[in-house]
Amino acid sequence: MRTGLAIRQVKIQSGTPLLLGLILLGWIYSIAQVLTMDAAGSVAQAGPGMQFVAAVKAALTRDPLAFESLSLCVTGEPQWALIDFGKAFAMWMGMVLAMMLPALLPMLKGGQTLPQRSSFLEFLVGYVVSWIPFCAIAVVCQYLLRQAGFLDEFMVSDSAALTLGIFGFVALFYSARLETRRFADDRRIRSRPRPMNSFRDGLAHGLSTFRRCWPLMTVMFAVGLMNIIAMALLTALMADPSRFMAARLRDSNRSAGSGRGNGLLALAAYASIRHDADNEVAHEPQ
């Protein structure tokens, strides 16, 4: 029995550094994009809460344009070159590594037995590949929204209608799942041991996570595609959305759903008002 326990511990330890390394890679790339934004004051304009990041960058580098020569960001102009589509795709894939791979951590915490490192790597590749179609569609949406003027040069929603529409959709999506008890079903399914041995297992698990979490990824269009503060908050939620929602199942069906919906709509209204106020300040004559 002790030998079996030791083998399980070795397997978990052999897979965890690989997973944590990929998560760290995603966050490093996302932060690097913010650091290479190439306009004075652009970090502060990258979404709600990013003023703090801008202050930290200024304190550490004492140069608002530090690292701009790396040029990892999509152009702020409406017209994109081919390389900008590549940069946008890399940005979304970085977000997948940073925000969606942590959804696997509860499985490790729960004692999930991992295969050998090579098999687990195949699983992770399948998991990430399952998100590629979403990233490709997100890049197209990002380009079209920028062309139409719904995103500003800092890739933050410049339209109250877009912001309210996104938050309203997310509220309705999760309220409907809450009322039909889908989150409780998801949690029961996720509590069962699942194979993590192959590329196909990774695809299956990635698609399962995609069905639960893709609406939350669209929130980034509203709060800023390079807003690492919003990324951190959404990552904490998407790591186990069913746990967050299951806490509301102890309340009544409709009251819990409507409460979450109202909260999201209130947040959307705040984001719209705050962004409009920031734009007014930014465009005041000096």
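The values are calculated or read from the model by the stated rules, or taken from the named source; none is laboratory data. Treat the numbers as computed from the prediction; the structure is a model and nothing was measured. So basically every Cβ, Gly included, is an ideal-geometry build from the backbone, and we count neighbours across all protein chains shown.
Anything in the stretch 129-165 that is surrounded by fewer than 20 Cβ atoms within 10 Å (Cβ to Cβ) and β-branched (V, I, T)? List them, or say none. Those that are surrounded by fewer than 20 Cβ atoms within 10 Å (Cβ to Cβ) and β-branched (V, I, T): V129, I132, I137, V140.
In the set (1) over 24 Å from A161 (Cβ atoms); (2) modelled with pLDDT under 85, the condition left unmet by S258 is number (1).
Taking helices (runs of 4 or more DSSP H) as the structural unit, those lying wholly within the stretch 64-133 and holding at least 1 residues that are closer than 26 Å to G202 by Cα and at pLDDT 85 or above correspond to 82-95, 117-129.
If the condition is being surrounded by 15 or more Cβ atoms within 10 Å (Cβ to Cβ) and at pLDDT below 75, then the stretch 229-247 contributes A239, D240, P241, S242, F244, M245, A246. From the list Q13, Q51, pick out the single residue that is modelled with pLDDT of 75 or more, of a type in the set (S, T, N, Q) and surrounded by fewer than 17 Cβ atoms within 10 Å (Cβ to Cβ). Result: Q51 is the single residue among Q13, Q51 that is modelled with pLDDT of 75 or more, of a type in the set (S, T, N, Q) and surrounded by fewer than 17 Cβ atoms within 10 Å (Cβ to Cβ). Look at (1) touching an Asp or Glu at 6+ places or on another chain (Cβ under 7 Å); (2) at pLDDT 85 or above; (3) polar (S, T, N, Q) and you find that T163 fails only one, number (1). I'd like the residue in the stretch 186-220 that is among the β-branched types (V, I, T) and modelled with pLDDT of 90 or more and, out of all such residues, is surrounded by the fewest Cβ atoms within 10 Å (Cβ to Cβ). If we take residues in the stretch 186-220 being among the β-branched types (V, I, T) and modelled with pLDDT of 90 or more, then T218 is surrounded by the fewest Cβ atoms within 10 Å (Cβ to Cβ).
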